[in-house]
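> One structure, as structure tokens, below. Some questions next.
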Amino acid sequence: MRFEVSQEFYFDAAHTLEREIEAAGSRRIHGHTYHARATVAGPRDPATGMVVDLGHLRVQLKKVREQLDHHLLDEVPGLGAPTMENLCLFIARKLREADFPVHAVEVWRKAGGDRCRLEMTPEDQLPGL
Ligand SMILES: Nc1nc2c(c(=O)[nH]1)N=C([C@H](O)[C@H](O)COP(=O)(O)OP(=O)(O)OP(=O)(O)O)CN2
Ligand SMILES: [Zn+2]
């Protein structure tokens, strides 16, 4: 049996982005409110009744949030081009490094209806920069 438990957070951040379309506006520094959801998956520990205590996940996600909230994403070490795809990877890597059995990370922006979801297995390498 495999359970999935997840937690959400949000952050406000600025960025620039090199694109072929809508290039001028994306090249100017602008901001977004990003929402993120991290999902961990695995069996339930019969002793605790939990896959992972959400309290531990909350502590780790707070650390990740501190690296993103009110930052210029272009300058965040290890993020690369500040896309939602790279934000998913960044968050997933931080959870892996802290030994969480991360299964999926989603990042979305409500204003424009944009969303990205990264799903991974424990065997998947998470590419760095
Ligand atoms: N595959 C991806 N495509 C795009 C991404 C991305 O992360 N992954 N990101 C962007 C930019 O962030 C761009 O700034 C978004 O622009 P746009 O869709 O024009 O939305 P707004 O600037 O109007 O932003 P609001 O969310 O409405 O405030 C583009 N493509
Ligand atoms: Zn943008």
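> Restricting the range 26-53 to residues that are of a type in the set (A, V, I, L, M) and within 16 Å of ligand 1 (Cβ to nearest atom), which is nearest to Glu123 (Cα to Cα)?
Within the range 26-53, the match that is nearest to Glu123 (Cα to Cα) is Ala36.
> Please identify the pairs in which a residue from the range 91-114 that is among the acidic types (Asp, Glu) has its Cβ atom under 7 Å from the Cβ atom of a residue that is in a strand (DSSP E or B), counting only partners at least 6 apart or on another chain.
Glu106/Ala36; Glu106/Arg37; Glu106/Arg115; Glu106/Cys116; Glu106/Arg117; Asp114/Trp108
> If you don't mind, another one. Would you mind stating whether Gly78 is under 22 Å from Glu18 (Cβ atoms) and modelled with pLDDT under 95?
So Gly78 does not fit the description; no.
> List every residue pair whose Cβ atoms lie under 9 Å apart, where the two residues are 6 or more positions apart in sequence or sit on different chains, the first residue falls within the range 15-37 and is more than 22 Å from Cys88 (Cα to Cα), and the second residue, located anywhere, is assigned to a strand (DSSP E or B) and more than 9 Å from ligand 2 (Cβ to nearest atom).
none
> Among (1) closer than 18 Å to Gly128 by Cβ; (2) within 12 Å of ligand 1 (Cβ to nearest atom), which single condition is Val102 missing?
Of the numbered conditions (1) closer than 18 Å to Gly128 by Cβ; (2) within 12 Å of ligand 1 (Cβ to nearest atom), the odd one out for Val102 is (2).
> Take the range 105-120 and flag every residue that is under 13 Å from Val40 (Cβ atoms) and over 9 Å from the mean Cα position of the chain (by Cα).
Selection gives Glu119, Met120.
> Listed residues Arg27, Arg44, Arg115; which is under 20 Å from Phe11 (Cα atoms) and among the basic types (Lys, Arg)?
Unique residue meeting the criteria: Arg115.
> Restrict the check to the range 37-45 and report whether at least one residue is within 12 Å of the chain's Cα centre (by Cα), among the small types (Gly, Ala, Ser) and more than 17 Å from Gly128 (Cα to Cα).
For the range 37-45, residues within 12 Å of the chain's Cα centre (by Cα), among the small types (Gly, Ala, Ser) and more than 17 Å from Gly128 (Cα to Cα): present.
The values are calculated or read from the model by the stated rules, or taken from the named source; none is laboratory data. Computed from a prediction, not measured in an experiment: that's the story for all the values here. Here the Cβ is made from the backbone with ideal geometry for all residues, glycine too, and neighbour counts use every protein chain on show.
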